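The values are calculated or read from the model by the stated rules, or taken from the named source; none is laboratory data. Given the structure is predicted, the values throughout are model-derived calculations rather than measurements. Cβ placement follows ideal geometry from the backbone for every residue including glycine, while neighbour counts extend to all protein chains displayed.
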Amino acid sequence: MIDYQPLIRRWQDTELAPWAALLPAQVTRGLAVERYGDLPRWLDALAALPDIVPQQIHLDRARVGADCNPPLDPGARGDLQDTLQRLHPWRKGPFELFGVHIDTEWRSDWKWDRLRAHIDPLAGRRVLDVGCGSGYHCWRMAGDGATEVIGIDPTPLFVVQYWALQKYLQQPGVWVLPLGIQHVPPKLAAFDSVFSMGILYHRRSPLDHLLELKACLRPGGQLVLETLVIEGPAGATLVPEGRYARMGNVWFLPSCDTLLGWLRKLGFVDEALIDVSVTSTEEQRATDWMRFQSLADFLDPEDSSRTIEGYPAPRRAVVTARAPG
């Protein structure tokens with residue numbers, strides 16, 4: 001049901017062999033029932049998913065997913081939907097499995113569309129996606145030709161969601177590990193592309209996070225970074241007091257020029273700003289698959305350009321840079 005042995009065997013005679021040696025213990029800790037009391041319930045839902053043979057698998061569409069022929073009858077489709085709903089909340093997507101549309105909180109396809117044309121082609125590359133959630137962008141990367149995509153996320157629910165999707169998407173080159181960036185061996189230098197999207201502002205030390213990402217890249221490899229930013233000149237940085245958009249773990253929101261300066265200071269080269277956009281309540285919202293509060297609840301009801309705390313509303317930038325060499 002959850003088996004990382006194929007990946008461990010795949011890595012044993014490669015430059016990732018040091019990580020392969022650590023991975024069994026890391027997975028055991030990352031999916032420990034003693035630490036995560038809801039994990040048995042999620043694993044029960046995973047085991048209850050019906051066996052359906054996909055005829056078509058779609059990794060290059062907004063709704064990543066699979067189809068079968070003949071289509072599921074309404075009863076079978078309802079059973080599949082009910083079982084997948086047991087893994088609520090679904091944050092990143094969307095997905096569509098055999099007629100069941102998993103309408104996730106985030107329209108992650110919009111983010112992908114904003115950056116896809118501006119990054120190095122992924123064909124034949126080994127990619128690391130840090131904080132990948134259930135793996136939506138990992139499958140989009142594979143759909144664009146990446147040979148191997150490794151997603152890491154320390155949230156067990158998202159890892160179980162990945163395994164639920166992988167039951168039907170069946171991609172031997174796409175993996176989501178129950179880990180954080182701190183669990184990646186230091187100075188690994190094994191990835192052609194490293195993505196960190198929606199993570200930097202959650203780090204108490206953003207410069208240390210950028211150094212961790214740099215250490216994962218081969219010489220000349222590309223970093224793709226998406227994070228919250230503010231408007232302002234070089235040096236401008238918002239450090240929220242208390243919460244930001246009701247999130248308690250937001251530490252640093254730099255201006256775009258500040259962010260590019262951080263990258264230069266840390267030895268990255270070819271840094272570039274490729275997109276800036278204000279997050280809308282159409283891109284991030286509550287749905288039947290994520291029934292908790294979402295962005296509309298985090299903004300000032302009288303002024304949507306401000307958060308409920310009075311800070312500038314979420315604005316996100318995508319930048320790219322390279323490891324030297």
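Odds and ends about this structure:
- Region 223-233 - residue that is in a strand (DSSP E or B) and more than 20 Å from residue 325 (Cα to Cα) and, of those, nearest to the chain's Cα centre (by Cα): 226
- One residue from 262, 251 being among the aromatic types (Phe, Trp, Tyr), outside any loop (DSSP other than H, G, I, E, B), within 30 Å of residue 294 (Cβ to Cβ) and modelled with pLDDT of 95 or more: 262
- Some residue of region 49-65 being surrounded by 17 or more Cβ atoms within 10 Å (Cβ to Cβ), at pLDDT 95 or above and in contact with a Ser or Thr (Cβ under 7 Å, 6 or more places away or on another chain): yes
- If the condition is being in contact with a strand residue (DSSP E or B) (Cβ under 8 Å, 6 or more places away or on another chain), surrounded by 14 or more Cβ atoms within 10 Å (Cβ to Cβ), assigned to a strand (DSSP E or B) and among the polar types (S, T, N, Q), then region 267-325 contributes 277, 284, 307, 320.
- All positions within region 77-89 that are surrounded by fewer than 18 Cβ atoms within 10 Å (Cβ to Cβ) and either on the phi > 0 side of the Ramachandran plot or in contact with a Pro (Cβ under 9 Å, 6 or more places away or on another chain) (or both): 77, 79
- Selection status of residue 92, touching a Cys at 6+ places or on another chain (Cβ under 9 Å), on the phi < 0 side of the Ramachandran plot and surrounded by 16 or more Cβ atoms within 10 Å (Cβ to Cβ): yes
- Count of region 104-121 residues which are in contact with a strand residue (DSSP E or B) (Cβ under 8 Å, 6 or more places away or on another chain), farther than 17 Å from residue 145 by Cα and surrounded by fewer than 17 Cβ atoms within 10 Å (Cβ to Cβ): 1
- Elements of type helices (runs of 4 or more DSSP H) contained in region 14-125, each with 1 or more residues being under 30 Å from residue 222 (Cβ atoms) and touching a residue at least 24 places away in the same chain (Cβ under 8 Å): 17-30, 108-115
- Only a single item in (1) within 26 Å of residue 308 (Cβ to Cβ); (2) assigned to a loop (DSSP other than H, G, I, E, B); (3) touching a residue at least 12 places away in the same chain (Cβ under 8 Å) is not met by residue 241, and it is number (3).
- Screening residue 192 against (1) under 23 Å from residue 221 (Cα atoms); (2) in contact with a Leu (Cβ under 9 Å, 6 or more places away or on another chain); (3) crowded, with 20+ Cβ neighbours inside 10 Å leaves a single unmet condition, (3).
- Matching strands (runs of 3 or more DSSP E) fully within region 128-222 where at least 3 residues are closer than 21 Å to residue 271 by Cα and either within 12 Å of the chain's Cα centre (by Cα) or of a type in the set (Gly, Ala, Ser) (or both): 191-197
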